[in-house]
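One structure is given below, encoded as structure tokens.
Read the figures in this text as sums done on the coordinates, not as results from a lab. Predicted model, so just to flag it, every value in this text is computed and none were measured. Note that we place each Cβ from the backbone using ideal geometry, even for glycine, and neighbour counts take in every protein chain shown.
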Amino acid sequence: MKIKINRAPVLTLWAAVVAERLGYDRDAALTLGKGVAGLNAQSKGRRLGIFEESKGDKKEEREPKKRTAGEQYSVTVLGRPVPVVETDDGVRATIKGEAIKPDSVQRYLENKFGDNLAEVQAAMQGLAKAYNASQLARQAYDLYEQFRPAIPEGKKGWGAAGDLDLDYIRSLAKKES
């Protein structure tokens with residue numbers, strides 16, 4: 001089964017599935033997925049000349065065991081450090097210092113995938129489960145590059161839709177098992 005969709009929601013969902021497989025709760029994982037996709041879009045937009053280079057200061061990645069509400073740090077998902085904040089509800093990725101709301105990410109995914117969301121998510125979860133957590137942490141972005149929709153290069157591809165092949169995602173999981 002193939003679905004016509006652009007890469008941003010695919011990356012958002014895959015990063016959320018990976019984050020959940022790595023031990024984050026569903027709400028944290030949704031925000032981390034959106035954080036990864038947003039950071040990738042910013043990088044690509046700067047590379048294509050669509051966005052100007054950011055002059056924001058980068059926070060050093062740290063992983064202490066206990067956090068306090070309001071503390072900001074970063075966690076790595078798909079090889080990308082994502083800025084996060086510890087909230088009363090748990091870890092939340094941030095955009096411009098503001099915590100991402102998990103329900104808004106869920107609505108975004110439902111809107112973009114429509115009736116196919118559950119099936120796409122199940123295929124991605126099957127792929128994530130085919131790897132142990134440390135393997136997945138190392139290989140998640142490479143896997144995404146294998147199954148992401150093909151789009152035209154350069155500015156022509158910005159926001160363009162391509163085919164997401166669920167059978168191919170499932171075959172990657174079987175290959176690893």
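Here is how the numbers come out for the structure above:
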| read-out | value |
| --- | --- |
| Distance violations [Cα-Cα > 30 Å] among K112/K174; K96/K174; K34/K174 | K96/K174 |
| Mean-position separation - Cα centroids, the range 96-138 and the range 1-21, in angstrom | 6 |
| Sites I95 and D167 - FRET efficiency at Förster radius 35 Å, r taken between beta-carbons, to 0.05 | 0.55 |
| Gain in span if fully extended, A122 to E71, counting 0.36 nm per residue against the direct Cα distance | 15.0 nm |
| Built amide H within the under 5 Å cut-off of V84, gap 5+ | Y73, S74, V75, T94 |
